[in-house]
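Notes follow the structure.
The values are calculated or read from the model by the stated rules, or taken from the named source; none is laboratory data. What you see is a predicted model; the values in this text were computed from it and never measured. Every residue, glycine among them, receives a Cβ derived from its backbone with ideal geometry; neighbour counts consider all protein chains shown.
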Amino acid sequence: MGKIPCYVCKKLGSHYYTIDDYWHSPHTPEGITEYDRVCHECYHEVKKEILQYKKEHKEENKRLKKEEEKDKEFQEAEVKGKWKKSATIEYKDEYCTILHRMINNKVQFIKAFSDITKQGYRLIVQDEGGSVNIGIINAGMDSYYYFQKIEYITLRDND
Ligand SMILES: [Zn+2]
């Protein structure tokens, strides 16, 4: 087998490196295969870039992760704050609202229903929690009403 010139600088050198370190790197010389070799100088040049890239990437990832955690904490705190604002409004944020209708909150329920409709939420689905059967009468229902802010409602194609 004859000498293979360096894939990057095309020179013949004495020390050659395989490209194992180049795989999955943004600095992989374009078109290089496992049969190609890279000379000492080019290898270290590219290797430096790879190390630099990895370092930057690590810091970037660290920063992103931190932001994500912060975001999650914030969201959880927000959700906790809004959850069960009242027995009627089970949940509310700028995108959706969940109303809870119980046996004894008919007036508050209607008021809440009216309010959030006015605020631009639309009823998407109703979940009958089921009725409680006491003897021969149905003692009211516990049901949930899911609303979405109108601008976040995805319209079906044929609507
Ligand atoms: Zn070279």
- [ ] Identify the single condition in (1) surrounded by fewer than 10 Cβ atoms within 10 Å (Cβ to Cβ); (2) modelled with pLDDT under 85; (3) within 16 Å of the ligand (Cβ to nearest atom); (4) not hydrophobic (A, V, I, L, M, F, W, C) that HIS15 does not satisfy, given that it satisfies every other one.
- [x] (1)
- [ ] Mind listing whichever residues of the range 92-107 are loosely packed, with under 15 Cβ neighbours inside 10 Å and more than 36 Å from the chain's Cα centre (by Cα)?
- [x] ILE103, ASN104, LYS106, VAL107
Task: Flag if ILE153 is modelled with pLDDT under 85 and within 24 Å of GLU76 (Cα to Cα) - done: yes
